[in-house]
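First comes the structure, then the notes that go with it.
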Amino acid sequence: MLILGIDTAAAPCCAAVYDTEKGQILGSTVINNKLTHSVTLMPVVRDLVRNAELSMEDIGLFAVANGPGSFTGLRIGISAVKGLAFALSKPCAAVSTLEAMAYNVTAYDCVVCAAMDARCNQVYVALFRVNGGKVERLTEEECLKTDEAARMLSEYDDDIMLVGDGAFIMKKATDDEGLENVKIAPDPLRYQTGYGVCLAAVNAPQLTPEQLMPMYLKLPQAQRELMAKNAEAYKERKE
């Protein structure tokens with residue numbers, strides 16, 4: 001089966017095609033410029049499939065990183081996969097953005113800390129153990145203060161590798177915690193890839209387009225501001 005994997009959860013716009021029978025990546029593209037994913041994603045997917053000498057009809061599963069990540073970016077990737085799967089009557093798969101990044105470093109035996117900058121001194125974070133090329137989940141996705149995430153890592157004596165755009169934030173936090181077994185993944189392996197999405201999707205449940213939903217770990221900024229404004233207005237009325 002051929003899997004098309006898409007990740008638009010952060011700044012990079014990523015797509016890849018993976019052949020599960022051959023265990024081979026047929027093509028992978030990462031675009032990391034200042035253009036929005038709504039501009040870059042579909043041309044990237046179209047050219048990727050064409051350059052692999054395939055058609056969209058050849059794809060057996062459309063997979064996407066469904067979060068955590070940028071609210072707008074997630075919606076763009078999920079909408080694209082929903083549209084493709086619906087038009088071609090093919091199944092979808094949703095995979096964790098953090099889990100997909102853990103598959104970037106399967107050449108190493110270590111604990112992987114996948115971390116994304118959630119702003120306000122917070123990270124989206126999950127831990128995985130990589131051993132013999134296999135990825136095992138250790139924790140669920142959480143939104144934590146960086147010092148809380150660093151204390152979580154202090155429980156592990158293994159070599160720890162940081163991936164994601166929160167890697168440098170977490171390295172500072174772990175240095176402050178006095179951890180000496182933590183290092184940042186090499187640049188080509190540090191960020192999102194469509195290949196990681198494909199590998200994570202191999203054993204993921206297959207979904208209909210209607211079942212495909214984003215995974216948010218905290219409310220969008222606009223919604224948080226509205227809730228705070230409403231709470232303040234309610235407080236003023238009570239007074």
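The values are calculated or read from the model by the stated rules, or taken from the named source; none is laboratory data. Treat the numbers as computed from the prediction; the structure is a model and nothing was measured. When we count neighbours, we look across all protein chains shown, and the Cβ atoms used for this are built from the backbone with ideal geometry, even at glycine.
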Evaluate the following for Gly83: is it of a type outside the set (A, V, I, L, M, F, W, C) and crowded, with 24+ Cβ neighbours inside 10 Å? no
Reported set for region 97-137 where residues are modelled with pLDDT under 95 and either of a type in the set (D, E, K, R) or not assigned by TED's automatic domain parsing to the domain that holds Val182 (or both) is Arg119
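Residues are listed down the side, and each one gets a yes or a no for (1) farther than 14 Å from Cys198 by Cβ; (2) touching a Ser or Thr at 6+ places or on another chain (Cβ under 6 Å); (3) in contact (Cβ under 8 Å) with a residue 24 or more places away in the chain:
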{"position": "Val17", "(1), (2), (3)": "no, no, yes"}
{"position": "Val39", "(1), (2), (3)": "yes, no, no"}
{"position": "Leu48", "(1), (2), (3)": "no, yes, yes"}
{"position": "Ala63", "(1), (2), (3)": "no, no, yes"}
{"position": "Ser70", "(1), (2), (3)": "yes, no, yes"}
{"position": "Gly73", "(1), (2), (3)": "yes, yes, yes"}
{"position": "Lys90", "(1), (2), (3)": "yes, no, yes"}
{"position": "Ser96", "(1), (2), (3)": "no, no, yes"}
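Just wondering, is there one or more residues in region 56-65 that are among the aliphatic types (A, V, I, L, M), touching a Cys at 6+ places or on another chain (Cβ under 8 Å) and crowded, with 24+ Cβ neighbours inside 10 Å?
yes
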Any residue at all in region 167-185 that is of a type in the set (S, T, N, Q) and at pLDDT below 95? no
So, Ala118, is that one surrounded by fewer than 24 Cβ atoms within 10 Å (Cβ to Cβ), within 21 Å of Thr8 (Cβ to Cβ) and in contact with a helix residue (DSSP H, G or I) (Cβ under 8 Å, 6 or more places away or on another chain) or not? no
